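Chemist: So that we are looking at the same thing, I have put the structure below in C-alpha cells.
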Amino acid sequence: MKKILFLFISFYFGNSSLLGQNITKIDSLGTEMCQSLSKVNNMKTKEKIEFVFQSHLSAYFDKTKISSQREADSISTLIYYRLQKNCSVFLDMLGELEENKSDWQTLNIKPSSKISKIDYKSFLKGGNYYYKDYNGSIVNVHITEKTWSETFDDGTISKLTLISKSDGEFDLKFIESNNETRKNLSVKGDIYKYGIYEKNSDGFLIWTSTNDNQFLGFKLYKKS
C-alpha cells in the first residue's frame, strides 16, 4: 500500500514479522494509537504520525522490556501495517502523504448492489483479473470457486480462501503470503469483507471495508 519514512522507526522486514508476537496485544496497542491519532491537533500529518508512534511505542517497549532493535523494528512494522487494516484515520493520513495512482477511493456509504444473480454466479466460476494497487502497480488475481490468489509485480504472491455469500458479497480469508505488505498486514484466518456493486465493460466495481467500517472502492479488471 503506502510507505513513509519515520524519523523514529527503522523498519525491518524479516521473517520474524509475526513470530513471537501476540497479535492481540499488537492490535490492542494499535487501537490506543488510533485513538491518539484522532485527538492530536496542531501538527502536520507526518509530524502527528511520528509523535504518536514514538510516544506509544517507547512506552510499549519499556513496559514489555523489549531490548533488541530487531524485535522493536518487527513490532513497529506490524503496527504500521495492522493500523492500515484496523484504523481508517491512519489510512486517511497516509493517503494525504502519497499520491493515489490507482482506482481506490473512499466511499461515504456501503454501495447498493446492482449486480445481477447471473453475473455474480459467472464471477464465482472464476477467471483471471487484475487491480491497481495504491502506487499504481498491477496486482494479478486468479479466482476459482473457492480461492483468490494474487501475484504482485515483484513476483510475490498471496493466497486467500473465497467464501461466497448473497447479493454479490463475498469474504476473503487470508491463508499466507510472501509479499512484504500483505504478510505484515494480515494474520492467517483474518477475514476481509467484499461486495460487487456494479459490472461494466472492463470488469467489476467492488467495495471492501476496514475493521472500523470505512468503505473503500476499487475496480477489478477482467483479463481478456
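The values are calculated or read from the model by the stated rules, or taken from the named source; none is laboratory data. Computed from a predicted model, the values in this text were never measured in an experiment. Here the Cβ is made from the backbone with ideal geometry for all residues, glycine too, and neighbour counts use every protein chain on show. Each accessible area value is taken on the protein alone, full model and side chains, heavy atoms only, with ligands, DNA and RNA left out. Shrake-Rupley method; radii C 1.70, N 1.55, O 1.52, S 1.80 Å.
Chemist: Shape verdict for region 152-224, please, from the Cα gyration tensor: rounded (a/c under 1.5), prolate (a/b greater than b/c) or oblate. Kindly include the intermediate steps, with their values, before the conclusion.
Modeler: Working: a/c = 1.85, a/b = 1.28, b/c = 1.45.
Cα axes put region 152-224 in the oblate bin.
Chemist: Continuing with the same structure: Please give the charge dipole size of region 69-224, origin at the Cα centre, charges +1 on K and R Cβ atoms and -1 on D and E Cβ atoms. Round to the nearest 20 debye. Please report the intermediate quantities before stating the final value.
Modeler: Values: 22 positive and 22 negative charges, 153 e Å.
Dipole magnitude for region 69-224 comes out near 740 debye.
Chemist: Roll a 1.4 angstrom probe over the protein heavy atoms and tell me the percent of accessible area of the chain that is carbon or sulfur.
Modeler: Values: 5750 of 11900 Å².
Carbon and sulfur together cover 48 percent of it.
Chemist: Here is a follow-up. Using DSSP to call loops (not H, G, I, E or B), can you name the trypsin sites (Lys or Arg not before Pro) in region 100-151 whose Cβ has at most 16 other Cβ atoms within 10 angstrom?
Modeler: Values: sites: Lys101, Lys114, Lys117, Lys121, Lys125, Lys132, Lys146; in loops: Lys101, Lys114, Lys125, Lys146.
Taking region 100-151 and a limit of 16 other Cβ atoms within 10 Å, the loop trypsin sites (Lys or Arg not before Pro) found are Lys101, Lys114, Lys125, Lys146.
Chemist: Counting only heavy atoms of the protein chains, get the accessible area per residue of the chain (1.4 Å probe) and round it to a whole Å² value. The partial results should precede the final answer.
Modeler: On the way: 11900 Å² over 224 residues.
Heavy-atom accessible area per residue stands at 53 Å².
Chemist: Another question, if that's okay. If I build a Gaussian network model for the chain, linking alpha-carbon pairs within less than 10 angstrom, which residue out of Glu32, Glu198, Glu176 has the largest mean-square fluctuation?
Modeler: Per the Cα network of the chain with a 10 Å cutoff, Glu32 tops the list.
Chemist: Which ³J(HN,Hα) values, rounded to whole Hz and listed in residue order, are derived for region 142-153 from phi using the Karplus coefficients 6.51, -1.76 and 1.60 in 6.51 cos²θ - 1.76 cosθ + 1.60 with θ = phi - 60°, glycine and proline given as x?
Modeler: So the J values, rounded to whole Hz, are 10, 10, 10, 4, 10, 9, 9, 10, 10, 10, 9, 5.
Chemist: Related question: Which entry is the computed semi-axes √(5λ) of the Cα gyration tensor in Å for this structure: (i) 44, 25, 18; (ii) 48, 17, 14; (iii) 33, 19, 15?
Modeler: Label (iii) holds the value from this structure.
Chemist: Okay, next question. Expressed as an acute angle from 0 to 90° and rounded to the nearest 10, what is the orientation of the C-alpha long axis of helix 23-39 relative to the principal long axis of the chain?
Modeler: Orientation of helix 23-39: about 80 degrees from the principal axis.
Chemist: Another question about this same structure. Among Tyr134, Tyr80, Ile118, whose Cα projects farthest towards the positive end of the dipole of the chain, with charges put on the beta-carbon of Lys, Arg (+1) and Asp, Glu (-1)?
Modeler: The residue sitting most towards the positive pole is Ile118.
Chemist: Between exposed chymotrypsin sites (Phe, Trp or Tyr not before Pro) in the chain, where DSSP calls loop and at most 16 other Cβ atoms lie within 10 Å, what's the longest gap? Intermediate results must be reported in sequence, preceding the final value.
Modeler: Values: sites that count: Phe6, Phe8, Phe11, Tyr12, Phe13.
Answer from the scan: 14-224.
Chemist: To continue, here is another question. Just flag the trypsin sites (Lys or Arg not before Pro) in region 165-216 sitting in loop per DSSP whose Cβ has no more than 15 other Cβ atoms within 10 Å. The partial results should precede the final answer.
Modeler: Numbers: sites: Lys165, Lys173, Arg182, Lys183, Lys188, Lys193, Lys199; in loops: Lys165, Lys188.
Counting only loop positions with at most 15 other Cβ atoms within 10 Å, the trypsin sites (Lys or Arg not before Pro) in region 165-216 are Lys165, Lys188.
Chemist: Residue-wise, which Karplus ³J(HN,Hα) couplings in Hz belong to region 156-162, taking 6.51 cos²θ - 1.76 cosθ + 1.60, θ = phi - 60°, and x for glycine or proline?
Modeler: Running phi through 6.51 cos²θ - 1.76 cosθ + 1.60 with θ = phi - 60° gives 6, 9, 9, 10, 9, 8, 9 Hz.
Chemist: Amide H to amide H, which residues 5 or more places from Asp190 or on other chains are under 5 Å from it, using H placed in the peptide plane?
Modeler: Phe174
Chemist: Right, something else. Would you kindly derive the ³J(HN,Hα) couplings of region 67-82 from the backbone phi angles with the Karplus curve 6.51 cos²θ - 1.76 cosθ + 1.60 (θ = phi - 60°), listing them in order in whole Hz, with x for Gly and Pro?
Modeler: Along region 67-82, the couplings run 10, 8, 5, 4, 5, 4, 5, 5, 5, 4, 5, 4, 4, 4, 7, 5 Hz.
Chemist: Given the -39500 (n - 2.57) contribution per DSSP H run of 4+ residues, what per-residue ellipticity at 222 nm results for the chain, rounded to the nearest 500 deg cm²/dmol? Each step should come with its number before you reach the end.
Modeler: Details: 6 runs with 78 residues, N = 224.
That comes out to -11000 deg cm²/dmol.
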